[in-house]
Amino acid sequence: MEGNQQKMQRVITDLSDILDTWSDHLPSGLQDRVNSALEEADAALALPLRQCDVGTAEEQEVRFMRFCESHWDLNNPDSKCAGCPLHEKVGTECEFAWAQMPYEAEEGAGE
C-alpha cells in the first residue's frame, strides 16, 4: 500500500516534470525560483526511503517483526538479540530505531 511519503514523492515528481517543461517560458525572475525549486525537489527525491516512509502502520509492524525475528539468537537465551544491529542503540526503543533505517524492498512485503 502506498504511504504518505510515497504519494508525496509521486506528486513532487509530477510537479517537477511540469515545471521543468514550462520553466523556459517564464519570466527570468520566476524562472530562477522555479529552477531553484526543481533543484530542491530533485535533492528531496534522491533521499532514500526509511522504513517508516513505506506502507501502513500494520504493514510496518509486520516488517519490523520479520526484521526482529531474523536477528534472534535462540541458542543464546541470555541475549537473544545479541546479533541485532539495533542491540547497541541506546536511549530508544528498537521499533523507533528500525523506523529510521533505510527501507529495502522485500519480495511480497506489500509495498
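The values are calculated or read from the model by the stated rules, or taken from the named source; none is laboratory data. Please read these numbers as outputs of a predicted model, since none were measured by experiment. Note that we place each Cβ from the backbone using ideal geometry, even for glycine, and neighbour counts take in every protein chain shown.
Search the stretch 2-18 for residues being of a type outside the set (S, T, N, Q) and within 13 Å of THR56 (Cα to Cα), and hand back the single one that is modelled with the highest pLDDT.
LYS7
Can you tell me which residues in the stretch 1-42 are in contact (Cβ under 8 Å) with a residue 40 or more places away in the chain, among the aliphatic types (A, V, I, L, M) and assigned to a helix (DSSP H, G or I)?
none
Looking only at the stretch 40-66, which residues are surrounded by fewer than 11 Cβ atoms within 10 Å (Cβ to Cβ) and more than 30 Å from CYS84 (Cβ to Cβ)?
Within the stretch 40-66, ALA43 is the sole residue that qualifies.
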